[in-house]
Amino acid sequence: YLKLGFWHITDWAGYDHMLFLLALCGAYSFAEWRKVALLVTAFTLGHSLTLALTALDVIRVNANLIEFLIPLTIFLTALGTIFYSKSTTKRFWMLSYVLALAFGLIHGMGFSNYFRSLLGNAKDVITPLLYFNIGVEIGQLAIVTAILLIGWVMRGPLRVPPNWWRIGISVMAGVIAIWLMVARL
């Protein structure tokens with residue numbers, strides 16, 4: 001389940017997670033990796049909670065609605081990154097973490113039906129969930145590290161102005177998210 005969680009996040013066929021992380025990381029430099037790690041962990045907590053609730057059959061979700069909401073979270077994150085300002089307040093950071101958690105809830109629901117089918121009639125649901133979510137977190141941190149390193153190269157040696165990098169990847173993520181929303185209507 002650890003491998004499954006890692007590959008769930010890093011699989012190019014499920015690029016929506018990577019796109020979300022790209023939009024999320026666009027405003028940050030490599031030196032701000034701690035802030036990004038906390039945001040990603042908040043996302044994973046939300047993801048884990050909905051996976052647990054659906055795996056335990058506490059909630060059921062409308063798959064079509066969730067498939068539309070996932071690119072909406074990417075679009076909203078990209079939009080937030082476009083309008084990001086370094087002169088942010090503590091209130092902004094709290095809102096960012098709450099939104100990352102909420103968006104994680106939605107993304108977790110997107111995988112819930114498949115995960116429930118993987119569990120089948122298993123008696124122990126907690127152990128697979130724990131290992132799966134640890135794999136998700138490791139995969140996300142690997143992707144975030146790659147994005148932050150690419151950003152460092154773009155802003156540093158290649159001398160791309162930070163705002164161009166931030167706005168460029170946010171617009172790219174936002175346009176793809178709009179395309180996904182339209183395709184899933």
Check: To the nearest 0.05, how large is the calculated FRET efficiency for Leu158 and Lys123 if R₀ is 41 Å and r is the Cβ-Cβ distance?
Finding: 0.15
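Summing -39500 (n - 2.57) over the DSSP H runs of n ≥ 4 in the chain and dividing by its residue number, what mean residue ellipticity at 222 nm do you reach, to the nearest 500 deg cm²/dmol?
-27000 deg cm²/dmol
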Next item on the list: Could you grab the relative contact order for the chain? Cα pairs under 8 Å, six or more apart, rounded to a whole percent.
Entry: 46 percent
Next item on the list: Give me the angle, in degrees from 0 to 90, between the Cα long axis of helix 33-55 and the longest principal axis of the Cα atoms of the chain, rounded to the nearest 10.
Entry: 20 degrees
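Any idea how many Lys pairs in the chain come in under 28 angstrom at the alpha carbon, given 8 or more places apart or on separate chains?
Numbers: Lys3/Lys35; Lys3/Lys123; Lys35/Lys86; Lys35/Lys90.
The result is 4.
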Next item on the list: Rounded to whole Hz and in sequence order, give me ³J(HN,Hα) for region 142-151 from the Karplus expression 6.51 cos²θ - 1.76 cosθ + 1.60, θ = phi - 60°, writing x for Gly and Pro.
Entry: 5, 5, 4, 4, 4, 5, 5, 5, 4, x
Margin query: With a 10 Å cut-off between alpha carbons and a GNM built on the chain, which of Leu119, Leu72, Leu19 moves the most?
Written below: Leu119
Note to self: I need the shape label for region 118-185. Rule: rounded when a/c is under 1.5, else prolate if a/b > b/c, else oblate, with a, b, c from the alpha carbon gyration tensor.
What the structure shows: oblate
Item checked: Histogram of C-alpha separations across the chain, 10 Å bin width, % -> 10, 37, 35, 14, 3, 0
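Within region 46-122, list the chymotrypsin sites (Phe, Trp or Tyr not before Pro) lying in a DSSP loop whose Cβ has at most 12 other Cβ atoms in a 10 Å radius.
Numbers: sites: Phe68, Phe75, Phe83, Tyr84, Phe92, Trp93, Tyr97, Phe103, Phe111, Tyr114, Phe115; in loops: Phe83, Tyr84.
Taking region 46-122 and a limit of 12 other Cβ atoms within 10 Å, the loop chymotrypsin sites (Phe, Trp or Tyr not before Pro) found are Phe83.
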Notebook entry, point to check: Using a simple charge model, +1 on the beta-carbon of Lys and Arg, -1 on the beta-carbon of Asp and Glu, nothing else, what dipole does region 1-138 show about its Cα centre, in debye to the nearest 20?
Noted result: 380 debye
Check: Efficiency by 1/(1 + (r/R0)^6): what FRET value for Leu65 and Thr145, r their Cβ-Cβ distance, R0 = 30 Å, to the nearest 0.05?
Finding: 0.40
Checklist line | Accessible area per residue in Å² at 1.4 Å probe, computed on region 116-157 | finding: 54 Å²
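Report, to the nearest whole %, how much of the accessible area of the chain belongs to carbon and sulfur atoms, 1.4 Å probe, protein only. Please list the in-between numbers first.
Details: 7200 of 9910 Å².
About 73 percent, which is the carbon plus sulfur part of the accessible surface.
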Checklist line | region 77-185: trypsin sites (Lys or Arg not before Pro) in DSSP loop, at most 13 other beta carbons within 10 Å | finding: Lys86, Lys123, Arg159
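The values are calculated or read from the model by the stated rules, or taken from the named source; none is laboratory data. Keep in mind the model is a prediction, meaning the values are calculated, not measured. We place every Cβ from the backbone using ideal geometry, glycine too, and count neighbours over all the protein chains shown. These area figures cover heavy atoms from the full protein model, side chains too; ligands, DNA and RNA do not enter into them. Shrake-Rupley method; radii C 1.70, N 1.55, O 1.52, S 1.80 Å.
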